[in-house]
Structures are given as structure tokens and as C-alpha cells.
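Before any comments, here is the structure.
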Amino acid sequence: MANHPIISIKDLTYTYAATETPALRNINLTINEGEYVSLLGLNGSGKTSLLLCLNGIIPNMMMGEFEGSVVVDGFDTTEVPVRELAKLVGMVFDNPEFQISQWSIAEEIALGLENLGISPNEMVKRIRDMLEVVGLPRFEERSPWALSGGQQQRVSIASALAMYPKILVMDEPTSNLDPIGKEEVFQVANNLNLEKKMTIVVAEHEVEVMAAYADRIILMDNGEIILNGTPEEVFSQVDRFEKIGLRVPQVTAVTKNLEEAKKIKALKKYPVTVDQFYSLVNGLI
Amino acid sequence: MTKPIIECQGLTHIYKNTVVAVDNLNLKVLPGEVVGIIGQNGSGKTTLVKHFNGLLKPTKGKVLIDGRDTTTMKIQELAKTVGYVFQNPNQQLFAKTVESELEFGPRNIGCSEEEVIERREHAIEFFGLENIRLSHPYRIGFPLRKLVGMASIYTMKPKIYIVDEPTTGQDHITTKRVNNLINKLRDEGATIICVAHDMILLADIAQRMIVMKDSKIILDGKMKEVFLNFETIKSTHITPPQVTEVSRVLLQNKKIGKDDLCLTIPEMTTLLKKKIK
Amino acid sequence: MQGVYIPINYIPGDSIIHKIAPIPKFIWVLGFLLIGFSTRNPAILGALVLFGFIMVFVAKVWKPFTIAFIIWIPLAFTTFFFQGIAPAFPRPWEPIFSFGPFTVYQIGLYSGLTLVLRAWAVTIVALVSIFTTHPGDLFTSLQKLGMPFELNFILTMTLQLIPILQNELYVVLSAQKSRGLKGTGFGALIPSMVPVFAGTIERVSQLSIGLESKAFGSKTKKTSYRNISMYPKDYIILVIGALVSAAITYWIFVDKSLDWSRTFLFPKPVAIAMITVAVLGFLTYMIFVIYILIKV
């Protein structure tokens with residue numbers, strides 16, 4: 001994958017208005033084009049705040065003290081209005097029903113496009129295409145209110161994609177969904193990343209899934225980035241996770257236990273997926 | 001023979017004359033059992049458990065709670081026996097302080113003032129809410145609000161708890177806390193019905209698992225037995241815990257036996273410690 | 001959607017009224033409002049009400065209309081009674097009869113009757129319009145008229161939220177009943193309304209961030225996905241509505257003989273009958289409501 005940074009964050013510190021503790025402290029982070037990055041952290045660790053910095057909602061829509069810089073595809077988020085950044089960064093939030101405001105799926109997707117001044121003909125085309133991409137073909141005239149959570153979330157993704165962003169940002173997109181819904185969303189995201197080379201940034205709690213799909217894991221705590229690396233690199237720091245109060249993929253935890261019991265030799269990197277773990281223990285049983 | 005505390009006989013529920021949400025369901029739950037119910041949204045699991053506290057009444061068939069037919073009792077009456085912890089605490093919390101929130105339930109069911117205070121204090125201790133007893137429920141963050149929601153049902157001292165998605169949207173610390181609390185409730189002798197998608201939680205708290213699909217129960221038994229039905233579980237799109245997936249692979253490659261199926265990290269650790277020479 | 005809820009939203013259909021564009025209907029509602037508030041003449045108001053009922057019939061929305069309108073019946077009885085004994089009119093008040101501590105006045109009955117008719121006239125046509133207008137069409141039409149985007153959005157969003165919030169209220173009531181909450185009197189008001197408000201605030205704040213992320217509120221020229229065409233029939237209906245409303249209003253202001261407030265007299269037996277009906281009707285309704293609430 002080409003190492004072309006599409007998001008560059010330098011020394012970012014942000015404190016919400018009327019609060020004393022910064023929500024983000026000294027964040028330094030580079031994300032390359034086409035990467036699938038996962039943000040992990042407890043509720044309140046700063047994940048949502050960081051994501052809101054990526055499309056300029058922070059600092060443009062939220063009051064607060066903003067220090068440092070966030071540059072997305074060459075644009076500084078303090079100098080460019082959210083409207084412009086919305087063309088680069090598509091956002092999906094955790095409660096799909098709370099994102100809906102229109103009476104038909106087509107209108108819902110068209111909302112952002114209307115704001116950008118896209119022609120009606122072009123709108124029809126984009127809506128049709130994006131519904132195909134998220135697996136809801138010909139759903140244009142259906143009511144978004146009547147869909148399942150997984151379907152609503154996919155409409156949300158389609159709405160974000162219709163603006164042809166380069167980056168798709170998702171804040172705990174599956175937390176309110178049932179297993180099928182979760183699967184649907186993870187599949188769409190994965191396909192977008194693999195087939196369309198879209199940059200994906202997701203905040204999630206499903207560590208096993210992130211271990212399988214993400215190129216990079218970023219662990220946050222108290223507004224800071226604690227760890228930043230591949231899933232194997234990051235999840236192998238089992239003690240750090242334990243101290244914060246987060247869990248690692250189950251196989252990683254088991255591996256650590258076995259290592260401590262001296263049943264396997266010391267490893268620099270633990271397995272994070274079922275396949276990796278099986279490869280490890282298969283020969284030993 | 002112990003009498004079941006929850007019994008469904010031929011339970012059918014039809015919404016608006018057309019949608020069959022629960023189809024001719026038979027079920028017995030014994031006192032003190034911890035039962036996990038899983039299935040897709042739309043499988044009928046929420047419809048089923050809403051019959052236990054009377055929110056829904058059967059279209060056909062009977063539901064007996066502690067031997068009494070639910071159609072002879074009002075919801076408020078059943079609330080003394082069956083506590084329903086709603087998934088979204090925002091739909092239950094309204095008082096000015098956590099304390100008042102905890103007092104709401106017992107007052108409604110007719111406890112004396114002393115009793116109300118005693119139960120409130122006991123709940124605060126049990127759930128570890130001392131720091132926030134005077135806080136406004138909407139100022140304490142979502143994870144704590146869920147705990148307050150649970151605590152406000154605890155003060156009603158029901159025999160049966162129906163817990164709806166207690167860990168959805170929660171991070172690990174709060175999930176562990178909820179996990180421990182449910183185990184403590186079990187130790188106090190409560191019967192617990194937990195409707196959830198969180199397999200890791202259920203693997204820890206539940207002894208028995210019921211899987212629902214298309215308005216029917218398709219699997220019902222001890223956790224391990226249920227999870228051995230790999231194909232059926234896959235067809236419901238339920239994701240078993242990762243260690244269970246590993247067990248499946250090991251089983252398929254004949255490295256372990258059926259009885260060795262693991263549901264939790266400690267189980268797999270113990271198993272492999274044995275198997276690796 | 002669970003439970004019984006009051007339908008105040010678009011009801012799909014193919015009646016002629018459904019087929020009329022939103023703006024002419026909007027003008028008609030304004031026309032009714034104008035006439036309704038310009039006069040207290042019971043004949044004119046009665047005609048408006050009758051016309052409204054005819055529209056309900058033509059639009060084939062009898063069932064949802066009855067459910068939505070049912071709340072007006074006891075309100076009508078209450079208004080009629082209270083106006084009867086304490087008219088919102090300058091004196092002199094001519095008494096008709098007394099019972100207990102109350103005295104019923106001619107002008108009171110007139111006032112009650114006309115207030116009820118006025119409320120009904122406006123409500124019926126508004127309900128019919130809501131039932132027969134797709135929110136998308138309304139939104140696009142208002143935008144074409146130059147209504148500010150944000151205001152337009154608020155209006156149509158509110159219309160959509162009505163069924164959502166009713167459902168939310170139902171869920172909250174279920175949750176509180178599961179905690180032993182009895183009845184739905186004043187004691188139940190806070191436990192049921194606070195969660196709904198909190199939920200709505202949460203929803204709206206999340207929605208606003210979501211909209212902002214889609215470049216909402218940007219000042220550039222917006223395009224529209226949906227297109228509303230006005231056909232000749234729509235223009236004709238619009239013009240007729242505007243002209244007739246203007247004409248009738250003019251007539252009302254010019255012809256003082258339309259003020260029947262001092263000349264429309266209720267014979268004593270009629271007055272007694274009407275007040276009795278109002279009181280009985282109100283009490284019956286109250287008993288019915290209490291019964292339903294206790295049962296539920």
C-alpha cells in the first residue's frame with residue numbers, strides 16, 4: 001500500500017467549552033491513504049472527539065480550545081468549512097435511527113448532495129449506485145423509518161458514500177445492531193477498503209473483528225494515544241490493555257496465559273485471529 | 001420435583017392479526033436458573049420475554065409466573081415478582097437524583113417508607129453507587145445510567161429478572177461490572193433471563209441457552225451442548241466467543257473431544273495447559 | 001408501531017385531494033384560518049365545518065380522522081359549558097336560566113358555539129391537509145416558495161417525529177408500568193414525559209451533528225432531488241381558494257349584519273338541553289377515559 005498520508009494530526013489538544021480536562025491531549029497521528037484503522041478505548045477515552053476532528057466538526061461546530069493541527073488530504077480543518085470537508089470525509093454514527101430525518105431513503109441520501117449543489121440527474125445516479133454498494137438495491141422509495149437497524153446503518157453509510165469521500169469515518173457503528181446487522185456493516189466496510197481502496201477509520205469495541213480486518217489499531221486512554229501499530233503489535237501488549245480495563249482478542253489472552261505457564265516459548269507477537277492461534281498450537285498438541 | 005417459576009404452554013402471540021411473533025412455544029424455567037436467550041431481532045425473543053411481566057398477553061396459550069396465569073394479573077401487580085430491566089435506561093430514568101430513582105419502584109409496590117429507604121441503601125451498596133447517589137441520572141454517563149436502571153429494579157426485590165441487552169454499547173470495564181452484578185444476583189437466588197447478543201457475557205453468566213429463530217425455539221439446553229450445534233448457530237448469524245471458534249477448529253481436526261468445548265478464556269487456558277506437553 | 005396512537009401524519013391514498021399539490025392546500029388552510037378568525041357568525045363557521053367534513057369524506061380518511069379528532073369532542077363540551085356561564089364577551093349578558101351557583105347566558109351559549117365551530121373549522125381542514133400531503137412534497141413546495149431551509153426542515157421534521165414520539169411515549173409508559181407505576185394521572189406525568197424529552201433531546205443533538213457532517217446549513221445554492229410540478233388544476237384551485245377567502249373576509253368586514261351575537265337567541269328549553277348535553281357528554285367522556293386508563 002502506498003505510504004501517502006491522507007490524515008496528519010500534529011500536537012492536537014482539545015478541551016470542550018466549560019470543561020477543565022482536555023478531551024484530547026497531544027495527539028500525533030498519521031493515517032495513510034487506503035488504510036483501515038481501528039480506534040479502541042473506554043467510553044470517554046477521546047475516540048469520538050478524535051473522529052469529530054477529522055471532518056472539522058471540532059473545532060468549527062463545537063465551542064472549545066483547539067491547539068495543534070489536523071490536515072485532511074492537504075486541507076487544514078481550522079481553515080476550511082465543514083461543508084468542504086464533508087466532501088472528503090463521510091461520517092457514520094452509532095445510532096442509525098437518530099441520523100434519519102427524511103421520509104424516503106432516496107431523500108435521505110440526497111440530503112447531503114442537495115447541500116453540495118449536485119444536479120438532480122447526478123443525484124439519481126449516485127443514489128442508485130451507492131444503494132447497490134451497500135447491498136440495498138432499489139430501496140429508493142422505501143421509508144428509512146421502517147428498516148432494521150442494520151439496514152438503517154447501511155443507508156447511513158450510503159448517504160456518506162454518495163458524497164464521494166476519500167475517507168469513511170465510523171463511530172461505534174455496530175453497537176446498537178444485532179449480529180446480522182453487525183456483519184452487514186463490517187462486510188460493507190471491508191469491501192470498500194479492499195475493492196475501492198477507501199480509507200476507513202472506525203471506533204469499535206469488537207476487538208476480534210478489528211483484529212481480523214484492521215491494518216492498524218490505535219489504543220486511546222484519557223485523551224491520549226497509548227499504542228499505535230498492527231493488530232499483532234498492539235494486542236500483544238496484554239498488560240497495557242488490562243491496566244486500562246479493555247480486553248484483547250480471546251486467543252491473545254489465552255496465548256499470554258500459556259506463555260506465563262511456560263507451556264509455550266516466549267513470543268514477541270501473539271496471535272490475534274483464530275487461524276493464527278491454531279497455527280501456533282496445532283503442532284504442540 | 002421443583003415447580004417451574006416461569007412456564008409457557010402453547011404460547012402464541014400474533015401482532016395486529018397478521019404477524020406471528022411467537023409460535024406455539026413451550027418453556028419451563030426453574031427457580032434460580034440463569035437463562036440466556038439469543039436470536040436475531042425479529043426472532044421473537046423480545047416478544048417472548050415481554051409476556052413474563054405482563055407487558056404482552058398471549059394471543060393463544062398460557063403463561064404462568066410462579067404458578068399464576070399472567071392474564072389474571074396487571075403489569076403493576078406482576079412487577080412485584082418480575083423485574084424488567086429495559087435496554088435503554090433513558091426510557092426509565094426521570095428523577096432528580098439517583099436516590100429518588102431507586103425509591104420509585106418500591107414506593108409504587110406499596111413498601112413502607114422505612115422499607116423504601118432500607119432497600120435504597122442496600123441497592124446503593126450492592127451496585128456500588130455511593131459516589132453518585134445525589135447525582136442527576138442524566139449527568140452520570142451512559143454506562144452508569146444502565147447500572148442505575150438495573151439498581152432501580154433491584155430495589156423492587158423481584159424473584160425474576162428480565163435483563164434486556166445489558167451490555168450493548170458498553171465498554172469492557174462496565175461489561176465486567178454488569179457481569180459480576182448478574183452473578184451476584186444469581187447467588188442471591190434470583191432467576192435471571194438475559195436477552196443479549198453478547199456471547200462473552202452469556203458464556204460467563206448463563207448455564208442454559210435458548211436460541212430462537214422465526215418465532216420458535218430451535219435450541220434449548222446447557223451452554224456447551226447448544227454451542228456444539230455449529231451449523232445451526234451459524235445459520236442464526238450468532239458469533240460464538242472466539243475460544244469456542246477455536247474449539248470448533250480443534251474438534252474438527254480431532255485434536256480435542258466434544259466435552260472439551262470451551263466457552264471462556266480460563267476454560268481454554270486450562271484445556272491447553274493439559275493438552276500441550 | 002405498538003399500542004394505539006393518534007395518527008397525525010401522511011396517510012397514503014389516491015383521492016382527488018391527495019392529488020392536489022401542497023401549495024393550493026396550504027392556501028386553503030390559510031383561507032379557512034382567515035375566515036374563521038374574522039367572524040363569529042355561526043352560519044359561516046358552520047359552513048366551513050360542513051365543508052371540512054365533506055373534504056374528509058372525499059379524501060377517504062374517515063378512520064384516521066375520527067381517531068385524531070376524538071379529543072375535540074370533550075373539549076367542545078367543556079368550552080361550551082364554561083363559555084355558557086362565563087362568556088368571553090363584553091357585557092351586557094342576558095341570562096337564560098340558572099342551576100345551582102351557575103347562570104347560563106345567551107351570549108355565553110353563542111360564544112361557546114362559535115368558538116367550538118371556529119376551532120373545528122380550522123382543525124378539520126388542517127388535519128385533512130396533513131393526511132393528504134406527502135412531507136417530501138410539502139418540503140419541496142415550501143422551499144420553492146422561498147421558505148428558509150432551516151425553518152422548512154423543522155416543520156417537516158416535526159411532522160415526522162409525531163408518530164416516533166408517540167411510540168416512544170408508549171415504550172416509556174411500559175417501562176414505568178414495569179416498575180409498578182399505576183394509572184396515568186398527574187403522578188405519572190413526570191415519569192412518562194421526562195424520559196421522552198430526554199430521548200428527544202438526545203436524538204436531536206445527534207441528528208444535528210449528523211446533518212452538519214453532510215454540509216447542512218451551507219450557504220451555497222441548494223439543488224433539489226424531488227420535483228413538484230404544479231398543473232393547471234392546482235393553479236385553479238389555488239386561485240379559487242385565495243379569491244373566495246378574500247371575498248368572504250371582505251364581506252364579513254363590510255356587512256355588519258353578519259354579527260349575530262346580540263340577535264341569535266337560544267330558546268330556554270333549547271339552552272337547557274344544550275347545557276345538559278354538554279355536561280353529561282363531558283362527564284361520560286371523563287368516566288370512559290378513566291376506565292380505559294385503569295384497565296390499561
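Some points to look at:
- Spans of helices (runs of 4 or more DSSP H) in the range A:53-168 with at least 3 residues at the interface with chain C (Cβ under 10 Å from one of its Cβ atoms) and touching a residue at least 40 places away in the same chain (Cβ under 8 Å): A:105-115, A:149-161
- When each of B:Val85, B:Val98, B:Val163, B:Val148 is tested for being within 30 Å of A:Thr48 (Cα to Cα) and in contact with a Cys (Cβ under 6 Å, 6 or more places away or on another chain), the lone residue that passes is B:Val163.
- Test: B:Asn131 is over 30 Å from B:Thr12 (Cα atoms) and either of a type outside the set (D, E, K, R) or without any contact (Cβ under 8 Å) to a residue 40 or more places away in the chain (or both): yes
- Options A:Thr199, A:Thr230: the member that is at pLDDT 95 or above, within 20 Å of the chain's Cα centre (by Cα), of a type in the set (Ser, Thr, Tyr) and within 30 Å of A:Leu136 (Cα to Cα): A:Thr199
- Of C:Ile236, C:Ile252, all but one fail to be open to solvent by 90 Å² or more (accessible area, probe 1.4 Å), of a type in the set (A, V, I, L, M) and under 30 Å from C:Leu142 (Cβ atoms); the exception is C:Ile236.
- Scanning the range C:266-296 for residues that are among the small types (Gly, Ala, Ser) and either part of a loop (DSSP other than H, G, I, E, B) or over 24 Å from the mean Cα position of the chain (by Cα) (or both), we see that the one that is nearest to C:Ser111 (Cα to Cα) is C:Ala271.
- Residues satisfying the stated conditions in the range C:230-260, i.e. in a helix (DSSP H, G or I) and not hydrophobic (A, V, I, L, M, F, W, C): C:Pro232, C:Lys233, C:Asp234, C:Tyr235, C:Gly241, C:Ser245, C:Thr249, C:Tyr250, C:Lys256, C:Ser257
- Qualifying residue in the range B:122-144 (condition: in a helix (DSSP H, G or I) and within 8 Å of chain C (Cβ to nearest Cβ)): yes
- Single match in B:Gly54, B:Gly10 (criterion: away from chain A (no Cβ under 14 Å), surrounded by fewer than 14 Cβ atoms within 10 Å (Cβ to Cβ) and not polar (S, T, N, Q)): B:Gly10
- Those residues of the range C:237-269 which are at pLDDT 85 or above and of a type in the set (A, V, I, L, M), in sequence order: C:Ile237, C:Leu238, C:Val239, C:Ile240, C:Ala242, C:Leu243, C:Val244, C:Ala246, C:Ala247, C:Ile248, C:Ile252, C:Val254
- Restricting the range A:149-184 to residues that are aliphatic (A, V, I, L, M) and within 23 Å of B:Asp164 (Cα to Cα), the residue that is most open to solvent (accessible area, probe 1.4 Å): A:Ile180
- Taking the conditions (1) free of Cβ contacts under 8 Å to residues at least 12 places away in the same chain; (2) more than 14 Å from every other protein chain (Cβ to nearest Cβ); (3) assigned to a loop (DSSP other than H, G, I, E, B); (4) surrounded by 13 or more Cβ atoms within 10 Å (Cβ to Cβ) in turn, C:Thr263 satisfies each one other than (4).
- Qualifying residue in the range C:147-162 (condition: within 30 Å of B:Phe104 (Cβ to Cβ), open to solvent by 20 Å² or more (accessible area, probe 1.4 Å) and within 14 Å of chain B (Cβ to nearest Cβ)): no
- Residue count for the range A:214-236 under the criterion of being away from every other protein chain (no Cβ under 14 Å) and within 24 Å of A:Leu51 (Cα to Cα): the result is 16.
- Of all residues in the range A:255-285 being of a type in the set (D, E, K, R) and under 22 Å from B:Asn253 (Cβ atoms), the one that is farthest from the other protein chains (Cβ to nearest Cβ): A:Asp275
For (1) assigned to a loop (DSSP other than H, G, I, E, B); (2) at the interface with chain C (Cβ under 8 Å from one of its Cβ atoms); (3) at positive phi, each residue gets a yes or a no:
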{"site": "B:Gln76", "(1), (2), (3)": "no, yes, no"}
{"site": "B:Lys80", "(1), (2), (3)": "yes, yes, no"}
{"site": "B:Asn90", "(1), (2), (3)": "no, yes, no"}
{"site": "B:Phe94", "(1), (2), (3)": "yes, yes, no"}
{"site": "B:Glu103", "(1), (2), (3)": "no, no, no"}
{"site": "B:Gly110", "(1), (2), (3)": "yes, no, yes"}
{"site": "B:Glu115", "(1), (2), (3)": "no, no, no"}
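- Residue in the range A:238-254 that is more than 14 Å from chain B (Cβ to nearest Cβ), on the phi < 0 side of the Ramachandran plot and open to solvent by 10 Å² or more (accessible area, probe 1.4 Å) present: yes
- Entirely in the range B:215-275, the helices (runs of 4 or more DSSP H) that have 1 or more residues that are under 28 Å from A:Phe186 (Cα atoms) and over 22 Å from the mean Cα position of the chain (by Cα): B:230-235, B:242-252, B:265-275
- Condition met for C:Ile209 (touching a helix residue (DSSP H, G or I) at 6+ places or on another chain (Cβ under 7 Å), modelled with pLDDT of 85 or more, part of a helix (DSSP H, G or I) and farther than 28 Å from C:Leu151 by Cα): no
The values are calculated or read from the model by the stated rules, or taken from the named source; none is laboratory data. Quantities reported herein were computed from a predicted structural model and do not represent experimental measurements. Counting neighbours? That spans all protein chains shown, and the Cβs are built from the backbone with ideal geometry, glycine included. Heads up: the accessible areas ignore ligands, DNA and RNA and are worked out on the full protein's heavy atoms, side chains in. Shrake-Rupley method; radii C 1.70, N 1.55, O 1.52, S 1.80 Å.
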